[in-house]
């Protein structure tokens, strides 16, 4: 067995074990961070093991765990739809953000149920995305990592500026 395949197999087993531990919590204790949160849940919304494996493979599950711990509301279907939209329309949203306005950026904010002060939210997205793009290593990131970063930027801007 190749070293890379062995690492992925071990990682998948650890993910399954960790996911089971989270699932064993008391009823109503919150979302399962590996299966219900993060980009993995957005991509594999009906397949828990695939969502968990994706989250762990992407960044060892740290983004999913953070979203479940700090803001469990990001593990909602609204967030999953938004994450999928951002993944699919990433380039257009980045172009809109560079202009400070546009149909795709507005749609992402609508999916986040941004009901007010949208221009301030768009300005915040523009500033924060500019910083993210300028950061060292940005160009080395995978498309899914960039989309995850943009999701976090839009989510934060919506929380800071919109009446939800």
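Take the residues of the stretch 107-121 that are without any contact (Cβ under 8 Å) to a residue 40 or more places away in the chain and within 18 Å of the chain's Cα centre (by Cα): which is nearest to residue 65 (Cα to Cα)? Step through it out loud before you land on a result.
Filtering the stretch 107-121 for residues without any contact (Cβ under 8 Å) to a residue 40 or more places away in the chain gives 107, 110-111, 119.
Within this subset, residues satisfying the condition of being within 18 Å of the chain's Cα centre (by Cα) are 107, 110-111.
Details: 107: 26, 110: 25, 111: 22 Å.
So the residue we want is 111.
None of 163, 57, 110 is part of a helix (DSSP H, G or I) and at pLDDT below 90 except 57.
Counting only residues that are surrounded by 18 or more Cβ atoms within 10 Å (Cβ to Cβ) and more than 18 Å from residue 141 (Cβ to Cβ), which one in the stretch 68-83 is modelled with the lowest pLDDT?
Taking the stretch 68-83 first, the residues surrounded by 18 or more Cβ atoms within 10 Å (Cβ to Cβ) are 68, 74-75, 79-80, 82-83.
If we keep only those that are more than 18 Å from residue 141 (Cβ to Cβ) as well, we get 68, 74-75, 79-80, 82.
On the way: 68: 68, 74: 62, 75: 68, 79: 73, 80: 72, 82: 84.
Per the stated criteria, the residue is 74.
Checked against (1) free of Cβ contacts under 8 Å to residues at least 24 places away in the same chain; (2) not in a helix (DSSP H, G or I), residue 95 meets all criteria but (2). Scanning the stretch 44-54 for residues that are under 24 Å from residue 113 (Cα atoms) and modelled with pLDDT of 75 or more returns a single hit, 44.
The values are calculated or read from the model by the stated rules, or taken from the named source; none is laboratory data. In this text, all values refer to a predicted model and were calculated from it rather than measured experimentally. Cβ: placed from backbone, ideal geometry, glycine included. Neighbour counts: every protein chain shown.
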